[in-house]
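Have a look at the structure below before the remarks.
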There are 4 protein chains.
Amino acid sequence: MSLSLGYPATSDDYRTLARARLPRFLFDFLDGGATDEQTMAVNVADWGRVRLRQRVLVNVDNIDTGTVLAGQSCRMPVVLAPVGLAGMMARRGEVQAVRAANGAGVPFVLSTVGICPLQEVQAAASEPFWFQLYMIRDRALIQSLLAEAWAAGCRTLVFTVDLPLPGMRHRDTRNGLSSGGLRSAALKASQLLARPGWVWDVALRGTPLTFGNLSEAVPGARNPDAFKAWVESQFDPTVTWADIEWLRSQWPGRLMLKGILDVEDARAAVQVGAEGIVVSNHGGRQLDGVASTASRLPAIAAAVGAQTTVLVDGGIRSGVDVFRALALGAQGVMIGRPWAWALAGAGQQGVSHMLAGWQQELRLAMTLTGVTRIADIGIAQLDSL
Amino acid sequence: MSLSLGYPATSDDYRTLARARLPRFLFDFLDGGATDEQTMAVNVADWGRVRLRQRVLVNVDNIDTGTVLAGQSCRMPVVLAPVGLAGMMARRGEVQAVRAANGAGVPFVLSTVGICPLQEVQAAASEPFWFQLYMIRDRALIQSLLAEAWAAGCRTLVFTVDLPLPGMRHRDTRNGLSSGGLRSAALKASQLLARPGWVWDVALRGTPLTFGNLSEAVPGARNPDAFKAWVESQFDPTVTWADIEWLRSQWPGRLMLKGILDVEDARAAVQVGAEGIVVSNHGGRQLDGVASTASRLPAIAAAVGAQTTVLVDGGIRSGVDVFRALALGAQGVMIGRPWAWALAGAGQQGVSHMLAGWQQELRLAMTLTGVTRIADIGIAQLDSL
Amino acid sequence: MSLSLGYPATSDDYRTLARARLPRFLFDFLDGGATDEQTMAVNVADWGRVRLRQRVLVNVDNIDTGTVLAGQSCRMPVVLAPVGLAGMMARRGEVQAVRAANGAGVPFVLSTVGICPLQEVQAAASEPFWFQLYMIRDRALIQSLLAEAWAAGCRTLVFTVDLPLPGMRHRDTRNGLSSGGLRSAALKASQLLARPGWVWDVALRGTPLTFGNLSEAVPGARNPDAFKAWVESQFDPTVTWADIEWLRSQWPGRLMLKGILDVEDARAAVQVGAEGIVVSNHGGRQLDGVASTASRLPAIAAAVGAQTTVLVDGGIRSGVDVFRALALGAQGVMIGRPWAWALAGAGQQGVSHMLAGWQQELRLAMTLTGVTRIADIGIAQLDSL
Amino acid sequence: MSLSLGYPATSDDYRTLARARLPRFLFDFLDGGATDEQTMAVNVADWGRVRLRQRVLVNVDNIDTGTVLAGQSCRMPVVLAPVGLAGMMARRGEVQAVRAANGAGVPFVLSTVGICPLQEVQAAASEPFWFQLYMIRDRALIQSLLAEAWAAGCRTLVFTVDLPLPGMRHRDTRNGLSSGGLRSAALKASQLLARPGWVWDVALRGTPLTFGNLSEAVPGARNPDAFKAWVESQFDPTVTWADIEWLRSQWPGRLMLKGILDVEDARAAVQVGAEGIVVSNHGGRQLDGVASTASRLPAIAAAVGAQTTVLVDGGIRSGVDVFRALALGAQGVMIGRPWAWALAGAGQQGVSHMLAGWQQELRLAMTLTGVTRIADIGIAQLDSL
Ligand SMILES: Cc1cc2nc3c(=O)[nH]c(=O)nc-3n(C[C@H](O)[C@H](O)[C@H](O)COP(=O)(O)O)c2cc1C
Ligand SMILES: Cc1cc2nc3c(=O)[nH]c(=O)nc-3n(C[C@H](O)[C@H](O)[C@H](O)COP(=O)(O)O)c2cc1C
Ligand SMILES: Cc1cc2nc3c(=O)[nH]c(=O)nc-3n(C[C@H](O)[C@H](O)[C@H](O)COP(=O)(O)O)c2cc1C
Ligand SMILES: Cc1cc2nc3c(=O)[nH]c(=O)nc-3n(C[C@H](O)[C@H](O)[C@H](O)COP(=O)(O)O)c2cc1C
């Protein structure tokens, strides 16, 4: 599809726009997954298998897509997932995104490795946003980041547990992201030359392109590569549930554990006192070959849904998919690539437009399944296959 | 396939012709479905899973494809479904279509939002046709439309219940149908310029291109867009079974409820006194993600087939598919896009030719499964998978 | 794949060659199936689902692919199926084919509507061949054809029962085969002009291109179209098992009923005294939507395999597929398109080469499943899925 | 994907490079499989169906991918499978490969029909390598080969049992490998001319391109074709388990039987005293239509895994696939095409780089399933589907 004159309608249309605007290595970083991208693909496909149950002649005049997530009112049960380097997708990307999120009435999560620092996002935001953290080796740094987040008004901490090591993302390797030397530089340069608009708009006018929240921790770093090197040195595979207990004691706000894909781990999360979990495989970017989140959600929701908030992410691409996730037991969803594609393709306005479309689609799904409240969506709104 | 010199044989061939003749936005409006078009796709695919049971050496000399639908004799159990804006697919499209339907001995259903008004269709028709209605907010208008339809000789009312809100058809968004402004106008103009034949034949010589049945109700409207806006303002999501009871009392003829996809709703339709139902998901144009009609038909036919007429539509693309629907319990089928493609591609003659082919295909299916009467077609003519 | 310099290896390679040599309408006639070609496709695909069971370290030194079919010794259990108009695929096509069959030690079946008459084939053949007949209205003609076949040395009659009416082959319609007039003639001429080699070799030097066995019965006919018209007028949908009894009494040789796809019909065939059946759906050319022969074979073989010879055809494309059919209960297979593609693509030599390859492939399959005799192939040589 | 400037990341990327460097007939020989390549395809696809079970917050700091295979310490449970003619993929290919294997700490298996002789490989290797043998008619030659292998330091013999006859590899036929004459020579020449780099690097500077281990046995042979002819004359379909007993008595080292796909044959292998088996269908190059190795592995491992070493090969394409094989019961895997593609595409360095990537991927899989030792990987690390 050429969108030259036409209008983007779906997250996939924004993906097409993003591909046209971003330098190849950046698009691939955003778009790709681990190994053979099998999990990334089933993440999307498995939502498509969930069949909605059409009902007619139910009075559906006062449909309300609003809900409460982590104690926060939302106009729909969608959260913008933490996306590292989002600030490279568009000029000061996290600022544009948080504004779109606020406009749509949905929470925004700032990544540890976002470009814009907590304070910059806070200044732009009209609502409290959430902060995401990885376990890193330097525990003092964790404590200071938690303090900064709290000071920036964050009350919900999304703690990501599925990244003890970085995933094998072969597209990045192909683009030379992990190689040095002349050839790699030439490759990168050729990709940048092919996208002068991005270079002008983001690389030149969107500086600094550093990891905003870590710039003090990594004083010498001048570019994302240097930060990435530092971050990778900080991955901590020794983390266990005991460390979560410690974290729990450090953070006065709400704690959500992101990256749970197993019933036993979900139970442990409840045990340790997490207010919520995000059923996630990191969008298929970590261990390829694991199950789709759609296939794991029902069992996890059945096991812990009564005790904790269950969100889910991975492969959700429309308002219909949001409905499917709710029907399978989630209280809300996170979306990663969709908002980043929209941001890269059309900035804040793109994100706003996409979210408005999804809300309308969710409303339509409620209308034609005959429910008027988010809380009423459940397995009864699905057809068996 | 290029059909430049060749002959169209299937509804898909007519689709190819239609794509070549219609401006893009019109073809997409006709061809597309909601959201990711998953339901539209399974509608077609699921008929393909139904396996016919070949029998040989049965005397099949006097095969009769004729039947009675809604009290009307038909030469085959096929009905031309209501298709809004059909009059834009070819010059005075509904007139051409009703003539083809009459020639083939099958019922034609005029859409509320057809281009040709009831009187124009009546003048062209040699047989009574059916009228389709949506529930609209202005109940007085409903009453006057019912009166007009009755006056035009319609004795069967097809009341569509799966459109409390318009579906999310992303192709229309991409073509700017819901956007205003210069860019949208430029896009539309460029698509029109690419199809001068259509502009000359339909846009210039086929006027007025207004919603014929609504022109009195929407006096100021000069073009389809204005009508569409009015129609959308009239969608009524408060309708319930109680309104159907009211409708039932207003209409002296036969009432069929179109858009039933659930056994419980089918039972309610019988309860409320409907003479028939159309198992339908609106050709996948309303809520994407709902089941195919082929997959839902057997249970619904088992539940209410003895008490009411059960028709089905969605994805039926050949005489073999017609046979499959009958074998799964329907008494007849409606077809939407196929006749509109044939109309757009080759006018009245196209529709006639396509219907003749389907009848021959149905006859062949009866021949090779060893049945001679429509009423004898059932589950015994299918092979288990 | 361009085969310009390369060598054909599979029946699909010969198909590629045939497409390059035949005028489009002839290739499509040979290659196509009924309606949406679903049955044609599953015919091929379902053999691919049958998993062979590899065994090792069995002494497989004296493998013998030979068998006896209908009382005739064959070097492998493969029969060239009746293919109408085969004589248009290559110059005097049936003559070339019967020679290839004799060379490979497999039976050849001459179609009622072959180009070369019985006598011409007899003159070329070094072994008795089989004759195929349709039930036609003119029973006296049947009797005289039976007499001629007997006189030409045929001792096995293949009587085709799945053609009470011709199938809906849309490719033929697209090519104008059933249309008259200037446009159809222009289309045909353009296709002929694109294949001057075929025109010179077959159309000019391969005359007469009439239905050899019917030329006396249809005296005025000058071209295949005229014959086709006559044949279609002769289709007889009133035929029942009683007619088969009559036929049985008329034919002193072996009788095989071709076109059985149902267990009950197979039982009736035994009842009526047929020495064999061919499990067949006419290569998916008759009623689209019926099951693949691979899926129906096991039940039919279980029901009547002990009392009658069970052959199968449809979608068999390699020596491995031959093995699969035997393992599922057939005593032998017929192949249609494969030999006609090879004939069209490379003449007698093409058919010979293809058959030699299949025999080697069958031998290899026996080797690696550890059986040395055709009669030993059975379900034990398959892996459950 | 054009890799002109980019970096290869996966075995498939190396395949792309190999295709660009090798003459067509050689690439096809390496890349292809038997008949319709169905088994080759399911070999790959079926690993993709195995779902890993993601676990989080397990201490996975001291992950060790090392293991012991056939008494030899390996840094990961991967073996380079015997690949005939590997020395034609790159200059003195087996020498480059064994060096890469040693560098990665994994065993290398030299094929009977390798280009480099045992002594040349031994001279290059820093670790003992394994030797692979086919049963050939000339038993005295077997004895002398065993003696030479022992002298070259080989202590593990991989005896291949699934090659009583060569498979039907149609790509080779298409490239004229089994045809003689001018046309075949022209085809080969045209393919060589298209790859001057290979001709210079391998054909001219990599001589002699003979079967190194057989040059004394086939004294007159001057080129691979002549050797191939000799080898084919030596295939011995009379071999049975009794011959394996004889072999067992001749070979003082470890014996692994390669080409077992059936539980009964696996039991017989244990019976005859083999120290290990390789569950294999020869990469889909022998009998097409047999099951994937992934689908057969669990039953075989359950039957004999406690008594013998079970390796598996076929379709393994990443470190994730290695993990899957271990989880289904194998103690290690062999890989064939992947290392040969890497060798053809980028020589020794390519093989080293690919192996390093796989080890990292295996480590990541262990990390995110929460196991730290190879021996701990089992069915508990999989999600049911
Ligand atoms: C480019 C990119 C960067 C991401 N960065 C982070 C991150 O910094 N922290 C995190 O917890 N998850 C991160 N994720 C994962 C997302 O939060 C989310 O789990 C995932 O994108 C959901 O799948 P989806 O993209 O299919 O919606 C990232 C995902 C992408 C695509
Ligand atoms: C372009 C178009 C316009 C339609 N307009 C109407 C309509 O005005 N009223 C209605 O009840 N259904 C309408 N439908 C739905 C059809 O009546 C029918 O349910 C559907 O097309 C059946 O699916 P099929 O197109 O796959 O045959 C429309 C369908 C199409 C494709
Ligand atoms: C071009 C063509 C002509 C055929 N003509 C006849 C025929 O005259 N009589 C008959 O019994 N079957 C006829 N058949 C059917 C074949 O005998 C056979 O059943 C079928 O081709 C088997 O399927 P296959 O082509 O996939 O091998 C014909 C098939 C083809 C493709
Ligand atoms: C080009 C090629 C040559 C091979 N030669 C031999 C051989 O000489 N001996 C042997 O036992 N297996 C041979 N094999 C089979 C491999 O050892 C191994 O079983 C197979 O390649 C595994 O499948 P994969 O290629 O999908 O990894 C060969 C495979 C290929 C692709």
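Projecting the Cα atoms of D:6, A:70, A:59 onto the charge dipole of the protein assembly as shown, computed from C-beta unit charges around the Cα centre, puts D:6 farthest toward the positive end. Spin-label pair residue B:379-residue D:193: with each label point 7 Å from Cα along the Cα-Cβ axis, the two points sit 6.8 nm from one another. In this simple spin-label model, placing a label point 7 Å from the Cα along the Cα-to-Cβ direction at both residue C:68 and residue D:236 gives a separation of 3.7 nm.
The range A:142-210 and the range D:304-328 have Cα centres lying 36 Å from one another. For the segment B:162-171, counting C-beta atoms of other chains within 10 Å of every residue's C-beta and taking the mean gives 6. Summing charges over all other residues whose Cβ lies under 14 Å from the Cβ of residue D:237, with Lys and Arg as +1 and Asp and Glu as -1, gives -3. Taking a sphere under 14 Å around the Cβ of residue B:48 and counting the other residues whose Cβ falls inside, with K and R at +1 and D and E at -1, yields a net charge of -3.
Of B:368, B:30, B:182, the residue with the greatest mean-square motion in the GNM of chain B, using alpha carbon springs below 10 Å, is B:182. Label-point spacing at residue D:233 relative to the other copies reads 6.7, 6.7, 9.4 nm, in ascending order, each point sitting 7 Å out from Cα along Cα→Cβ.
Separation of the range A:1-77 from the range D:342-362 is 36 Å, based on Cα centroids.
Sorting D:106-112, B:281-287 by average packing, meaning the other beta carbons within 10 Å per residue, from highest down gives B:281-287, D:106-112. Remark on the protein assembly as shown: hydrodynamic radius 36.2 angstrom, per the Kirkwood mean of 1/r across alpha carbon pairs.
Short to long, the 20 Å bins of the Cα pair-distance histogram for chain B hold 29, 61, 10, 0 percent of all pairs. For the range B:147-203, the Cβ-based charge dipole about the Cα centre amounts to some 280 debye (Lys, Arg positive; Asp, Glu negative; other atoms uncharged).
Comparing A:253, A:176, A:220 in a Gaussian network model of chain A, where Cα atoms under 10 Å apart are tied by springs, the biggest mean-square fluctuation is seen for A:220.
For the protein assembly as shown, the residue among C:319, B:233, A:351 whose Cα projects farthest onto the positive side of the dipole built from Cβ charges is A:351. Count charges around residue C:144 for me, please; just the other residues with Cβ under 11 Å from its Cβ, Lys/Arg as +1, Asp/Glu as -1. Its environment carries a net charge of -2. Taking amide hydrogens as placed 1.01 Å from N in the peptide plane, the amide H of residue D:114 sits under 5 Å from those of D:85, D:213, each at least 5 positions away in sequence or on another chain.
Taking the Cα centre of the range D:199-343 as origin and charging only Cβ (+1 Lys, Arg; -1 Asp, Glu), how large is the dipole, in debye to the nearest 20? Working shown, then result.
Working: 12 positive and 14 negative charges, 84 e Å.
So the dipole magnitude of the range D:199-343 works out to roughly 400 debye.
Considering all C-alpha pairs of the range C:67-106, those separated by over 17 Å amount to 34%. Between C:58, C:279, C:98, the Gaussian network model of chain C with springs among Cα atoms under 10 angstrom shows the greatest mean-square fluctuation at C:58. Net charge dipole, the range A:17-384: roughly 880 debye, given to the nearest 20, about the Cα centre with Cβ charges of +1 for Lys and Arg and -1 for Asp and Glu.
For residue D:189, the point set 7 Å out from Cα toward Cβ sits 4.4, 4.4, 6.3 nm from its twins in the other copies, listed from shortest up. Of the residues A:33, A:259, A:140, the one whose Cα sits farthest towards the positive end of the charge dipole of the range A:17-384 is A:33 (charges of +1 on Lys and Arg Cβ, -1 on Asp and Glu Cβ, taken about the Cα centre).
Each other copy places its own label point for residue B:62 at 6.4, 6.4, 9.1 nm from this one, sorted shortest first, where the point lies 7 Å along the Cα-to-beta carbon line.
Which value, in nm² and rounded to one decimal, describes the direction-averaged projected area of the C-alpha convex hull of the range C:231-280?
It is 4.0 nm².
Under 16 Å Cα to Cα from residue A:188, which aspartates and glutamates show up? Leave out anything in the same chain fewer than 8 places away. Candidates past the 8-residue exclusion: A:28, A:172, A:225.
Coordinate-derived values only; no laboratory data. Predicted model only: the values in this text are computed from it and were never measured. We place every Cβ from the backbone using ideal geometry, glycine too, and count neighbours over all the protein chains shown.
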